[in-house]
1. If you check Asn81, Asn4, which single one turns out to be in contact (Cβ under 8 Å) with a residue 60 or more places away in the chain, within 30 Å of Gly327 (Cβ to Cβ) and of a type in the set (S, T, N, Q)?
2. Looking at (1) hydrophobic (A, V, I, L, M, F, W, C); (2) at pLDDT 75 or above; (3) over 22 Å from Ser184 (Cα atoms), which is the one condition that is false for Ala358?
3. Output the number of residues of region 135-154 satisfying the condition of being buried (at least 19 other Cβ atoms within 10 Å of the Cβ) and of a type in the set (D, E, K, R).
4. Determine whether Leu53 is in contact (Cβ under 8 Å) with a residue 40 or more places away in the chain, in contact with a strand residue (DSSP E or B) (Cβ under 7 Å, 6 or more places away or on another chain), under 24 Å from Tyr194 (Cβ atoms) and within 15 Å of the ligand (Cβ to nearest atom).
5. Find all pairs meeting these conditions: Cβ atoms under 6 angstrom apart; at least six residues apart or on different chains; first residue within region 342-355 and buried (at least 18 other Cβ atoms within 10 Å of the Cβ); second residue in a helix (DSSP H, G or I) and at pLDDT 80 or above.
6. Can you tell me which of Ser45, Ser67 is in contact (Cβ under 8 Å) with a residue 12 or more places away in the chain and in a loop (DSSP other than H, G, I, E, B)?
7. Name the single residue that is surrounded by the most Cβ atoms within 10 Å (Cβ to Cβ) among those in region 106-128 being among the hydrophobic types (A, V, I, L, M, F, W, C) and within 13 Å of Asn4 (Cα to Cα).
8. Which residue pairs have Cβ atoms closer than 6 Å, lie 6 or more positions apart in sequence or on different chains, and pair a first residue in region 10-35 that is assigned to a loop (DSSP other than H, G, I, E, B) with a second residue that is within 12 Å of the ligand (Cβ to nearest atom) and among the β-branched types (Val, Ile, Thr)?
Amino acid sequence: MARNVAIIGAGVIGLTLAIALAKKGIYVTVYDSKKRASDGAERASGILSKTGLERLHINYKDSVVNSLYGARLHANRVELNVKSKYVQAYVLDRGRLAETLYKDALSSGADVLLGRRMYENDIKDIARDPDSIIVGADGAVSSVAKAFDFPGIKEYVLTYKAEYSRARIEDKHRVDLFFANSVSNRFFGWTAPYSDSKLEIGIGTSNSSKGNSRSAFEKLIKNDLIASMIDGAKQDGAHASLIPLSARKKTVKGNVLLAGDAAGQIKATTGGGLIFGIACAKIASEVIISNINSNVPLTAYENEWRKAYGLDLKLHSLLHRYYSRRGTLGLELLMRTAKLLGAEDFFSKYGDMDSPKAMIKRFFLRGLAD
Ligand SMILES: Cc1cc2nc3c(=O)[nH]c(=O)nc-3n(C[C@H](O)[C@H](O)[C@H](O)COP(=O)(O)OP(=O)(O)OC[C@H]3O[C@@H](n4cnc5c(N)ncnc54)[C@H](O)[C@@H]3O)c2cc1C
């Protein structure tokens with residue numbers, strides 16, 4: 001019976017899983033190549049829905065740097081303004097979140113070994129021990145997935161983002177999202193305020209597109225609205241990264257599981273991976289504990305996470321496929337039509353960043369109530 005759990009990757013997902021297992025007395029070792037828990041955190045943003053975060057029961061409150069009430073969606077000349085009376089999402093400091101989870105993992109009893117890059121042979125060596133379970137929480141380009149020949153991820157988004165201080169921010173509680181093929185092929189650009197004067201600007205482009213994300217970024221910051229926000233601002237840093245846009249067809253093989261970006265548990269519409277990744281890590285922890293205590297097969301993880309979140313992730317993929325295939329004019333028309341049909345009002349009242357399933361339900365319930 002397996003007794004030791006080796007987690008490759010001390011990102012948010014690996015650490016969350018380590019905390020859940022260690023709290024139940026399971027012997028866990030986490031390996032990560034980075035030297036400090038917060039290293040590399042600035043490569044991604046930290047926008048998470050309030051409702052999603054509250055459901056996860058993780059220690060995030062000290063990492064909140066801003067709250068968001070709405071979003072402005074731009075498609076060429078059309079603008080959709082969604083604004084709620086209530087906080088819809090938080091902007092988290094990813095570095096601070098990583099440090100908090102690292103400390104929580106250690107105090108829960110997990111071993112977290114930083115500065116330990118795991119190569120395919122190291123990972124295979126651990127897997128040979130019948131008493132071990134391995135979890136690949138090693139991100140978009142997973143060595144664990146490669147070592148055990150898991151099915152690939154079909155589409156990625158290449159991202160480029162930069163942070164600016166002394167930016168001119170009209171409303172720090174709103175993000176701006178820029179859709180249109182002329183801006184980004186199959187994804188979007190964004191501005192996200194961290195405070196009254198600190199702004200993040202980023203863009204993603206599909207790995208199937210010809211241009212790169214850096215040149216798309218250079219073009220994005222010439223947009224009149226964005227140019228006025230960073231006129232006189234100072235760029236503090238810039239980072240390129242990767243977002244997987246689809247789940248792998250298989251996430252369990254023998255005593256090896258994948259979680260988070262390594263599994264592709266991410267919303268294809270926004271590239272947000274934390275809410276679903278953490279939720280799936282919780283399922284992984286429950287299945288691993290049942291496997292150790294009562295021999296429940298590890299394949300239960302695959303069934304359970306797909307049952308809980310598979311439909312929502314599929315709906316995100318369908319939505320992404322739908323809008324990303326419209327040309328610039330098609331998107332403009334789509335947005336104009338949505339506006340005429342009252343989308344601003346509907347999303348302001350019923351918008352749910354995580355669950356299209358819940359939104360569709362509310363749409364029909366509202367229809368019945370009307
Ligand atoms: C530009 C950008 C913006 C984003 N914005 C948001 C957002 O606003 N909200 C949101 O929810 N999500 C967002 N995401 C997605 C989110 O960042 C990821 O879904 C999340 O970080 C996945 O966590 P993870 O722990 O699975 O992987 P990662 O955060 O990638 O962590 C993997 C860890 O594994 C380690 N590792 C990898 N290979 C090895 C190895 N061989 N040996 C040892 N260690 C290894 C790495 O060092 C790393 O620490 C964004 C992503 C990007 C790129």
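The values are calculated or read from the model by the stated rules, or taken from the named source; none is laboratory data. Since the structure is predicted, the reported quantities are computational estimates derived from the model, not experimental observations. Cβ coordinates were reconstructed from backbone atoms using ideal geometry, including for glycine residues, and neighbour counts include every protein chain displayed.
1. On the way: Asn4 fails: within 30 Å of Gly327 (Cβ to Cβ).
The conditions single out Asn81.
2. Going through (1) hydrophobic (A, V, I, L, M, F, W, C); (2) at pLDDT 75 or above; (3) over 22 Å from Ser184 (Cα atoms) one by one, Ala358 breaks only (2).
3. 1
4. Values: in contact (Cβ under 8 Å) with a residue 40 or more places away in the chain: yes; in contact with a strand residue (DSSP E or B) (Cβ under 7 Å, 6 or more places away or on another chain): yes; under 24 Å from Tyr194 (Cβ atoms): yes; within 15 Å of the ligand (Cβ to nearest atom): yes.
So Leu53 passes the test.
5. Qualifying pairs under 6 Å: Asp354/Gly52; Asp354/Ile275; Ser355/Asp312.
6. One residue alone meets the criteria, Ser45.
7. Applying the first criterion (among the hydrophobic types (A, V, I, L, M, F, W, C)) to region 106-128 yields 106, 110, 112-114, 118, 123, 126-127.
Keeping just the survivors that are within 13 Å of Asn4 (Cα to Cα) gives 110, 126-127.
Working: Ala110: 26, Ile126: 19, Ala127: 19.
Among those residues, the one meeting the criterion is Ala110.
8. Ala10/Val30; Ala10/Val112
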